[in-house]
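Quick notes on the structure that follows.
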Amino acid sequence: PYGRLQGVLIDKHTINVYYDFKRGENRSKWRNHEDRKTAGKGDCIDCQQCVVVCPTGIDIRNGQQLECVNCTACIDACDEVMEKVGLPKGLIRYATEAEIENREKFRFTSRMKATAFCLALLIGFLGFLMYDRGSMEAKFIKPAGSTFFVKDGKIANTFIYTFLNKSNENKVLTIKVLHPANAEIDFFGTNRIILKGDQIIKGNINISFPEKEIKFSKQNMTIGVFDEKGNMVDSFETVFEGPFQLVL
């Protein structure tokens, strides 16, 4: 509820798009060579340009309204008109309600300081998350409906791997099972996977263990992905399926 939240945070010292009614009223049409101040007229020449350019069709001169989206189109239109008639700009401007009503100067209030501090913390946290996100992301998912199979005294599972390279550098990757030990990987080809910058690739691998190594029907397994220098760039925890064993 962004609108509700803004309504709670706004007070008379909040900077917003305001019409300076102290300067603009009484509004009347422009006449050449007229002394508007002597005639008791304000700087607003009632040209309606602020209403014409408003995407929501409101009249900002009637005060703050729910429909205002702070696009500042009215500010640009009013400044252009003021420049043409030779009056000072800023009849509609970013200001606070207190500044216009009481001619107060802008003050950096304690609420603004607290809000700025919280915003700085959030920006810093976001920057840390972006810095700490890593340049690689790897996933190993079992195909839907697949199960284990036994061949030559080994239990094997099929996995679909997905690699996402978040950097602009090409990477040469290899896959190793970190836990349990004595795993064998069938890559259906070369065990060196070339991943270009900002690329996603998918493929299939078979991972097998000697039957004596699999002691549970679902064994926790950790797979590591390494670059050509031998550095681990990511790891993924999954489950290796085996035959059900009754433990007495």
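Read-outs throughout are calculated quantities, based only on the coordinates presented, and are distinct from any laboratory measurement. Please read all numbers here as calculations on a predicted model, not as lab measurements. Quick reminder, even Gly has a Cβ in these numbers, built from the backbone with ideal geometry, and neighbours come from all protein chains shown.
Put a plus charge on the Cβ of each Lys and Arg, a minus charge on the Cβ of each Asp and Glu, and nothing anywhere else: the dipole of the stretch 2-105 about its Cα centre is then about 240 debye. For the chain, adding -39500 (n - 2.57) for each run of n ≥ 4 DSSP H residues and dividing by the number of residues yields -6500 deg cm²/dmol at 222 nm. Listed by Cβ neighbour count within 10 Å, with the fewest neighbours leading, Arg103, Arg31, Arg23 appear as Arg103, Arg31, Arg23. In this structure, the residue pairs whose Cα-Cα separation is over 27 Å, taken from Lys89/Lys113; Lys166/Lys218; Lys154/Lys229; Lys139/Lys196; Lys166/Lys202, are Lys89/Lys113; Lys166/Lys218; Lys154/Lys229.
Relative to the longest principal axis of the Cα atoms of the chain, the long axis of helix 110-131 lies at roughly 30 degrees. Of the three principal axes defined by the Cα atoms of the chain, the extents in descending order read 105, 40, 35 Å. Separation of the stretch 169-185 and the stretch 118-133, taken as the distance between their Cα centroids, equals 32 angstrom.
Look at Thr147, Thr190 and count the other Cβ atoms within 10 Å of each Cβ; fewest to most, that gives Thr190, Thr147. Label sites at Phe187 and Lys142, each approximated as a point 7 angstrom past Cα along Cα to Cβ, lie 2.5 nm apart.
Please give the FRET efficiency for Gln6 paired with Lys202, using the beta carbon to beta carbon distance and R0 = 41 Å, rounded to the nearest 0.05. Taking R0 as 41 Å, the efficiency between Gln6 and Lys202 is 0.40. When only the Cβ of Lys, Arg, Asp and Glu is charged (+1, +1, -1, -1), the dipole of the stretch 139-232 relative to its Cα centre reaches about 200 debye.
Dipole magnitude for the chain: computed about the Cα centre from +1 point charges on Lys and Arg Cβ and -1 point charges on Asp and Glu Cβ, it is near 300 debye.
Label zone (Glu34, point 7 Å along Cα-to-C-beta; backbone nitrogen cut-off 18 Å) within the stretch 77-93: 81-88.
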